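Below is one structure, written out as structure tokens; the observations come after it.
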Amino acid sequence: MLFRLIRQAPLTEKVASRDGSIYLYRAMKFIGWIPPKEGLLRYVYFSWTLMTFAWCTTFLPLGFLGSYITQIKLFSPGEFLTSLQVCINAYGSSIKVIIVYSQLWRLIKARDLLDKLDVRCTSLEEREKIHRVVARCNHVFLIFTIIYCSYGVSTYLSSVLSGRPPYQLYNPFLDWHNGTRNLWIVSTLEYLIMAGAVLQDQLSDTYSLVYGLILRTHLELLNGRISKLRTNPEMTEDENYEELVNCVLDHKLILEYCALIRPVISGTIFVQFLLIGVVLGIALINLFFFSDAWTGLASAVFIVAILLQTFPFCYICNLVVDDCEDLAHAIFQINWVGSGSRYQSTLFYFLHNVQQPIVFIAGGIFPISMSSNISVAKFAFSVITIVRQMNIADKFKTD
């Protein structure tokens with residue numbers, strides 16, 4: 001079955017939380033991030049890794065800079081803005097890729113913690129929620145893939161059909177002005193480089209969303225277990241206490257999981273927060289003032305991709321804070337009256353820890369939330385306002 005993992009598996013199949021990142025890790029392996037553990041293929045694979053980093057992470061942003069230095073006068077206003085919006089995003093993407101690749105061990109280790117959390121999922125209800133989030137995570141990754149690939153293809157086709165390369169990267173070997181054949185060769189080479197960069201960018205944008213969705217599911221499962229504490233009259237006090245301790249240990253594992261992925265998320269979202277206002281502003285100016293039908297379509301897809309880089313995960317962070325509050329409310333509602341002092345002291349300790357919400361901070365400065373994201377995205381409208389007030393768009397068109 002095509003894209004089997006985006007459909008919820010039946011309960012007769014064994015599904016683990018880590019399966020929610022299968023598509024994510026397959027793409028990482030394809031782009032050169034996860035080498036074989038041993039053998040000759042490991043060294044062959046490293047050559048592929050070096051190639052993707054050389055072309056997609058290093059050459060691409062430098063290629064934009066080279067084109068501005070050598071042929072800035074050949075750009076039309078629309079072509080320059082199309083190139084500039086991608087150039088700025090390419091520099092940010094390269095930084096995010098380096099952060100994720102250098103901290104990839106954290107994401108891999110976090111998957112091992114998910115295996116420990118899955119051990120507690122024994123009931124059919126809990127397993128169904130795991131099955132559901134696995135399908136949802138893979139579905140989300142596939143949606144991101146379609147949108148990101150749509151941008152690359154639409155920009156490639158709209159540019160070539162307009163008689164110019166999509167990004168006009170610096171190329172000292174081929175001049176795209178010398179005939180249609182050279183135009184197609186240069187454009188195709190640029191598309192291949194950009195396709196690799198787009199995949200790298202997608203990986204650095206979607207990992208946080210996948211891990212965030214799985215985090216929310218395990219918080220929900222923990223909430224359900226807390227709600228069932230001391231509700232079975234047939235259980236002894238020792239058994240009730242053991243169930244409480246297991247909930248405390250589950251919460252501890254969740255906090256360890258968050259501690260592992262927090263440094264990676266902090267770095268990548270911080271970079272995106274710094275760039276989203278400028279990139280979005282340039283893209284909107286290009287869309288409103290300089291685009292025709294085809295380039296406007298490519299710019300619109302680019303804007304959607306930019307918004308997807310931060311808004312979904314910021315929304316997830318807001319929901320995680322709400323989930324932590326729900327945990328505290330569930331503990332308050334436990335029937336602890338009549339329990340022993342040992343049970344009550346452990347319960348109060350648990351409540352104290354749960355009341356500290358799980359928060360992610362971008363670069364140690366910005367709390368990752370919808371309000372922070374909207375605040376940094378507002379800068380895009382400031383850029384548009386400046387362009388309109390200074391009549392910059394009309395001056396570009398006149399020149």
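Read-outs throughout are calculated quantities, based only on the coordinates presented, and are distinct from any laboratory measurement. Small disclaimer: the values here were computed from a predicted structure and weren't measured. Counting neighbours? That spans all protein chains shown, and the Cβs are built from the backbone with ideal geometry, glycine included.
Fewest Cβ neighbours within 10 Å first, please rank Met194, Met51, Met370 accordingly. The partial results should precede the final answer.
Working: Met194 23, Met51 12, Met370 15.
Exposure proxy ranking, most exposed first: Met51, Met370, Met194.
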Check: Relative to the longest principal Cα axis of the chain, at what angle does helix 77-102 sit, 0 to 90 degrees, rounded to 10?
Finding: 40 degrees
Next item on the list: For the chain, build the charge dipole from Cβ charges (+1 Lys, Arg; -1 Asp, Glu) around the Cα centre, then report which of Val160, Thr49, Ala298 sits farthest towards its positive end.
Entry: Val160
Item checked: 3J(HN,Hα) from dihedral phi, segment 254-264, Karplus parametrisation 6.51/-1.76/1.60, rounded to Hz, x for glycine, proline -> 5, 5, 5, 4, 5, 5, 5, 8, 4, x, 5
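Over 19 Å between Cα atoms, which of Lys29/Lys96; Lys37/Lys116; Lys129/Lys228 qualify?
Details: Lys29/Lys96 17 Å; Lys37/Lys116 23 Å; Lys129/Lys228 17 Å.
Violating the 19 Å Cα-Cα cut-off are Lys37/Lys116.
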Note to self: Testing the spin-label approximation: label points 7 Å from Cα along Cα→Cβ at Ser345 and Leu189. State their distance in nm.
What the structure shows: 7.3 nm
Check: Given labels modelled 7 Å from the Cα in the Cβ direction, how far is it in nm from Lys228 to Asn182?
Finding: 7.1 nm
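Suppose we take every Cα in segment 186-312 and form the convex hull; what volume per residue is that in Å³?
Values: hull volume 18.6 nm³, N = 127.
Measuring per residue, one finds 146 Å³ for the Cα hull of segment 186-312.
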Item checked: Whole-Hz couplings from phi, Karplus 6.51/-1.76/1.60, listed for segment 282-288; x for Gly and Pro -> 5, 5, 5, 4, 4, 5, 7
Next item on the list: Pairs of Cα atoms under 8 Å, at least six residues apart: use those to get the relative contact order of the chain, whole percent.
Entry: 23 percent
Notebook entry, point to check: Residue farthest toward the positive end of the dipole of segment 160-280, with Cβ of Lys/Arg at +1 and Asp/Glu at -1: which of Trp176, Ile214, Met235?
Noted result: Trp176
Note to self: Quick check: pseudo-label points 7 Å beyond the Cα along Cα→Cβ at Glu239 and Lys73, how many nm apart are they?
What the structure shows: 8.7 nm
Note to self: As an exercise, use a Förster radius of 45 Å and the Cβ-Cβ distance of Asp112 and Leu62 to find the FRET efficiency, rounded to the nearest 0.05.
What the structure shows: 0.75
Next item on the list: May I ask for the angle, rounded to the nearest 10°, between helix 293-308 and the longest principal axis of the chain, with both axes built from Cα atoms and the value confined to 0 to 90°?
Entry: 30 degrees
Check: Suppose R0 equals 45 Å; then what is the FRET efficiency for Lys252 and Trp48 from their Cβ-Cβ distance, rounded to the nearest 0.05?
Finding: 0.70
Notebook entry, point to check: Taking the Cα atoms only, what angle lies between the long axis of helix 180-227 and the longest principal axis of the chain, rounded to 10 degrees?
Noted result: 10 degrees
Next item on the list: Return the sequence-ordered ³J(HN,Hα) values of segment 14-31 in whole Hz as given by the Karplus equation 6.51 cos²θ - 1.76 cosθ + 1.60 applied to θ = phi - 60°, using x for Gly and Pro.
Entry: 8, 10, 10, 4, 4, 5, x, 10, 4, 4, 4, 6, 5, 5, 4, 5, 5, 7
Margin query: Using alpha carbons only, how many angstrom separate the centre of segment 225-281 from the centre of segment 151-195?
Written below: 47 Å
Checklist line | Size-normalised alpha-carbon gyration radius of segment 24-398, reference 2.2 N^0.38 Å | finding: 1.20
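Can you compute the FRET efficiency between His352 and Arg132 using 1/(1 + (r/R0)^6), with r the Cβ-Cβ distance and R0 = 35 Å? Round to the nearest 0.05.
Details: r = 31 Å, r/R0 = 0.90.
Approximately 0.65, to the nearest 0.05.
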Item checked: Nearest-20 debye value, the chain charge dipole, Cβ charges on Lys, Arg, Asp, Glu -> 860 debye
